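For reference, the structure is listed below as structure tokens.
The values are calculated or read from the model by the stated rules, or taken from the named source; none is laboratory data. All figures in this text were calculated on a predicted structure; none of them were measured in a lab. Positions of Cβ are generated from backbone atoms using ideal geometry, with glycine treated the same way; all protein chains shown enter the neighbour counts.
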Amino acid sequence: MKVLNINYLCNAFSLIPKSTATIRWNCKYESLKAVFESFDQTLLSLKEIEKNNVDAETRQEAKSILKNMQCYSFILYLIFMKNVLAMTNALTCELQTESLNIISSIEVIDKTCSLLTTERNSDRNLRNIILLSDKVAEEHSIDTTEEFKTKHRPRRPPRKIGDNPHTTHVFTR
């Protein structure tokens with residue numbers, strides 16, 4: 001944690017991640033926001049732990065987390081979930097207050113539902129999320145086409161009917 005705190009001091013906009021043991025959904029949003037805002041410092045800290053830590057288990061864990069964080073799908077999911085939780089954050093804060101006002105809660109629920117529906121139906125917003133993910137991946141030298149090739153098997157041409165008499169289907173009446 002010391003290495004992470006040192007790297008966070010370099011960025012004025014970095015946020016400290018909250019504990020994931022906290023049940024409040026507001027903390028989940030703040031944690032995702034903190035990971036996104038201090039993504040560079042987190043990667044630097046993990047690289048430093050991977051190279052300089054004497055404990056083999058800690059080194060291996062840092063290497064595993066680093067590998068997962070330097071994946072395009074992680075970046076895309078992080079940005080997507082940060083946006084979704086940002087949209088629902090006002091609703092969760094409203095519903096978790098001690099003095100719950102039913103009428104204002106219903107209004108917040110309606111507004112949140114309409115906002116989520118608008119987001120879901122907007123191709124432009126999805127394109128913006130993908131473009132931002134591409135930009136972040138490019139900043140960290142993540143080759144998205146190479147990652148796609150390793151995770152998807154190549155298409156093979158179908159077998160032609162009649163190439164091999166043992167494998168062909170015999171149509172009968």
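Pairs under 6 Å by beta carbon, first residue farther than 17 Å from residue 148 by Cβ and touching a residue at least 24 places away in the same chain (Cβ under 8 Å) in the range 66-81, partner of a type outside the set (A, V, I, L, M, F, W, C) and surrounded by 15 or more Cβ atoms within 10 Å (Cβ to Cβ), six or more apart or different chains?
79/133
List, please: which pairs have Cβ atoms under 9 Å, are six or more places apart or on different chains, and start with a residue in the range 33-55 that is over 23 Å from residue 81 (Cα atoms) and in contact (Cβ under 8 Å) with a residue 24 or more places away in the chain and end with one that is in a helix (DSSP H, G or I) and of a type in the set (Asp, Glu)?
49/61
Look at the range 51-80 and say how many of its residues are of a type outside the set (Val, Ile, Thr) and touching a Leu at 6+ places or on another chain (Cβ under 6 Å).
The qualifying residues number 2.
Would it be correct to say that residue 23 is at pLDDT below 85 and out of contact with any helix residue (DSSP H, G or I) (no Cβ under 9 Å at 6 or more places or on another chain)? Before you say what the answer is, go through the steps one by one.
Values: at pLDDT below 85: yes; out of contact with any helix residue (DSSP H, G or I) (no Cβ under 9 Å at 6 or more places or on another chain): yes.
Considered against the rule, which asks whether it is at pLDDT below 85 and out of contact with any helix residue (DSSP H, G or I) (no Cβ under 9 Å at 6 or more places or on another chain), residue 23 comes out as yes.
Only one residue in 88, 117 is in a helix (DSSP H, G or I), hydroxyl-bearing (Ser, Thr, Tyr), closer than 30 Å to residue 43 by Cα and modelled with pLDDT of 80 or more. Which one? Even if it seems obvious, please write down each step before you answer.
On the way: 117 fails: closer than 30 Å to residue 43 by Cα.
88 is the lone residue from the list that is in a helix (DSSP H, G or I), hydroxyl-bearing (Ser, Thr, Tyr), closer than 30 Å to residue 43 by Cα and modelled with pLDDT of 80 or more.
Quick check on the range 130-173: of everything there that is in a loop (DSSP other than H, G, I, E, B) and within 30 Å of residue 119 (Cα to Cα), which residue is modelled with the lowest pLDDT? Step through it out loud before you land on a result.
Step one: filter the range 130-173 for residues in a loop (DSSP other than H, G, I, E, B), giving 140-143, 152-173.
Those still in the list that are within 30 Å of residue 119 (Cα to Cα) too: 140-143, 152.
On the way: 140: 89, 141: 88, 142: 87, 143: 85, 152: 72.
Checked the range 130-173; the qualifying residue modelled with the lowest pLDDT is 152.
Scanning for something within 30 Å of residue 142 (Cα to Cα), more than 14 Å from the chain's Cα centre (by Cα) and surrounded by 12 or more Cβ atoms within 10 Å (Cβ to Cβ), does the range 64-79 turn up at least one residue?
Within the range 64-79, the subset within 30 Å of residue 142 (Cα to Cα) is 64-79.
Among the residues that remain, those that are also more than 14 Å from the chain's Cα centre (by Cα) are: 64.
With the extra rule that they be surrounded by 12 or more Cβ atoms within 10 Å (Cβ to Cβ), the set shrinks to 64.
Checked the range 64-79: at least one residue is within 30 Å of residue 142 (Cα to Cα), more than 14 Å from the chain's Cα centre (by Cα) and surrounded by 12 or more Cβ atoms within 10 Å (Cβ to Cβ).
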